[in-house]
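Heads up: the structure comes next, in structure tokens.
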Amino acid sequence: MATIIGGVATSHTPTIGFAYDEDKQDDGAWTPIFEAFEPVRDWFGRQKPDAIVYIFNDHVTSFFFDHYSAFTLGIGNEYAVADEGGGARALPVVPGNPELAQHIAVSLVTDEFDMSFFQDKPLDHGFFSPMSVLLDHADGTWPTTIVPLQVGVLQFPIPTAARCYKLGKALRRAIESYPDDIRVAVVATGGLSHQVHGERAGFNNQNWDHQFLDAIVRSPAALAEMTHAEYATLGGMEGAEVIMWLIMRGALSEDVRQVHSSFYLPSMTGIATLVLEDEAVELPAAIHQRHRERMAQQLKGIDELPGTYPFDLATSVRAYRLNKYLHAMVDPAHRARFLSEPEASFAEAGLTEIERDLVRRRDWLGLIHYGVIFFMLEKLAAVIGVSNLDVYAAMRGESLDDFLKTRNTQVIYSVAGSHAR
Ligand code: FE2
């Protein structure tokens with residue numbers, strides 16, 4: 001069974017990444033930043049977690065207002081560094097942990113946290129600014145795997161502090177019920193006091209920062225009672241992102257051992273680091289077994305339905321490249337390229353030979369078996385002028401005429417619109 005070894009909280013101001021990239025270890029005002037992170041990096045070096053659940057917020061880099069979510073869990077194989085305007089930082093791609101992410105996902109939804117899920121998105125300074133100084137990557141690789149959890153804290157309404165704390169408790173159950181014997185750390189980033197917009201830009205409150213650092217260790221439940229306005233009043237509007245620390249704190253035992261804490265205010269944002277070790281008493285494994293059974297309940301019996309393939313996160317990750325290629329059929333330029341030069345289009349998308357062959361042969365059932373969701377099939381069908389009914393008949397291994405005889409009327413349709421050939 002997985003064990004939570006502890007929690008780490010840290011600011012994620014771009015200052016941290018800048019200091020690292022510009023090699024400012026011995027440069028007066030910057031030195032305390034390195035001194036703050038060194039004990040944390042040593043802790044990770046000693047503890048060697050197999051995975052880190054890494055809670056952060058994106059700064060409208062990869063998660064824009066066309067679809068803004070509260071809690072978004074990363075389920076992908078890897079995560080690159082985002083370009084925030086001046087080119088991406090030169091850091092290695094971070095390995096994901098799809099298996100652990102899928103378990104956490106199902107567990108959280110079972111506990112009625114209806115999460116969003118992402119893959120194939122680069123992560124911004126909310127993630128990488130502290131990441132680059134928390135974990136040793138001198139050899140060009142990261143020493144652990146990551147399950148990122150992105151929290152939408154920028155477009156109100158956002159989750160309450162209380163909801164974040166409750167999510168942390170559910171996260172604990174999710175991690176502890178993971179059947180493999182792995183060691184997991186929980187990291188949260190954000191804060192401390194700062195405001196970066198409006199006439200109040202530059203606001204800090206060091207007294208509150210120290211109070212918060214104390215309370216997150218000893219009185220997290222009280223912090224969970226605070227409103228966003230109370231956080232903004234005390235710690236600045238953007239500083240209110242510290243509610244993400246409550247997810248980490250909720251995932252730890254009530255009693256924790258503080259092994260490191262630091263605070264330094266060089267410019268705009270109070271830079272804090274905190275390391276807490278878990279002090280939980282081990283409880284019977286049957287608790288976790290019962291939870292896993294509850295997790296399996298919703299899809300129990302589904303594998304007995306013939307010809308039925310629920311589209312789950314494992315499928316989504318496994319068949320992502322081909323689903324992405326077919327989804328792009330909503331773009332007129334992509335489908336024109338596919339129609340005029342299919343082989344070049346396949347190559348540009350990096351499709352494997354198996355994937356190319358499935359599309360070339362219009363192997364509708366083969367595509368389903370491979371992990372393509374039906375709604376990509378109907379897009380492809382619309383592009384090549386094939387009706388939905390043809391696709392249904394082909395999947396059933398019947399002629400169109402035979403299949404139509406099983407319907408009350410013999411109508412033919414597809415999702416093709418005004419561009420249909
Ligand atoms: Fe932030």
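Some observations on this one:
- Rounded to the nearest 10 degrees, the angle from helix 31-47 to the longest Cα principal axis of the chain is 60 degrees.
- Other residues within the sphere of radius under 13 Å centred on the Cβ of residue 337, judged by their own Cβ, net out at -3 (K and R +1, D and E -1).
- Calculated translational diffusion coefficient of segment 319-405 (10 °C, 1.306 mPa s; Stokes-Einstein with Kirkwood radius over alpha-carbon pairs) equals 121 µm²/s.
- Footprinting exposure proxy for 312, 255 (fewest neighbouring C-beta atoms within 10 Å first): 255, 312
- Panel values: segment 9-68, Kirkwood radius from alpha carbon pairs, Stokes-Einstein at 37 °C and 0.692 mPa s, translational diffusion coefficient 235 µm²/s.
- Cα point-scatterer Debye curve for the chain, base-10 log of I(q)/I(0) at q = 0.09, 0.12 Å⁻¹: -0.65, -1.00
- Structure-based [θ]222 nm, the chain - -39500 (n - 2.57) summed over DSSP H runs of at least 4, per residue, nearest 500: -12000 deg cm²/dmol
- Computed from the C-alpha gyration tensor, the three semi-axes of the ellipsoid equivalent to segment 94-242 are 28, 20, 15 Å, from longest to shortest.
- Net charge contributed by nearby residues that have their C-beta within less than 14 Å of residue 171 (K/R +1, D/E -1): +2
- Most mobile of 308, 189, 141 in a GNM of the chain (Cα contacts under 10 Å): 308
- For segment 59-133, with +1 on Lys and Arg beta carbons and -1 on Asp and Glu, the positive-most of 82, 118, 133 along the dipole: 133
- Likely footprinting exposure, 238, 341, 176, fewest C-beta neighbours within 10 Å first: 341, 176, 238
- Formal net charge of residues neighbouring residue 2 (Cβ-Cβ distance under 13 Å; K, R +1; D, E -1): -3
- In this label model, residue 21 and residue 324 are separated by 2.3 nm, measuring between points 7 Å along each Cα→Cβ vector.
- Sorted from greatest to least, the principal axis extents spanned by the alpha carbons of segment 36-95 come out as 42, 27, 25 Å.
- Relative contact order of the chain: 20 percent, from C-alpha pairs under 8 Å at least 6 residues apart in sequence.
- Separation of alpha-carbon centers, segment 288-305 and segment 1-30, rounded to whole Å: 40 Å
- Diagonalising the gyration tensor over the Cα atoms of segment 194-281 and scaling each eigenvalue by 5 before taking the square root yields semi-axes of 25, 14, 9 Å, largest first.
- When the chain is treated as a Gaussian network with alpha carbon springs shorter than 10 Å, the biggest mean-square fluctuation among 317, 383, 217 belongs to 383.
- Cα centroid of segment 163-178 to Cα centroid of segment 34-103, whole Å: 18 Å
- Within the chain, DSSP assigns beta bridges of which about 45% are antiparallel (rounded to the nearest 5).
- 0 to 90° range, to nearest 10: angle between helix 125-134 axis and the chain longest Cα axis: 60 degrees
- Given R0 = 30 Å, the distance between the Cβ atoms of residue 285 and residue 156 translates into a calculated FRET efficiency of 0.10.
- Label-to-label distance for residue 331 and residue 297 is 4.3 nm, based on points extended 7 Å past Cα in the beta-carbon direction.
- Gap separating the Cα centres of segment 122-161 and segment 180-253, nearest whole Å: 16 Å
- The chain: most fluctuating residue of 97, 207, 57 per GNM, C-alpha cutoff 10 Å: 207
- Using alpha-carbon coordinates, inclination of helix 286-296 to the longest axis of the chain, degrees: 40 degrees
The numbers here are math on the coordinates, done by the rules we state, and not lab data. Keep in mind that what you see is a predicted model, and the values were worked out from it rather than measured. Here the Cβ is made from the backbone with ideal geometry for all residues, glycine too, and neighbour counts use every protein chain on show.
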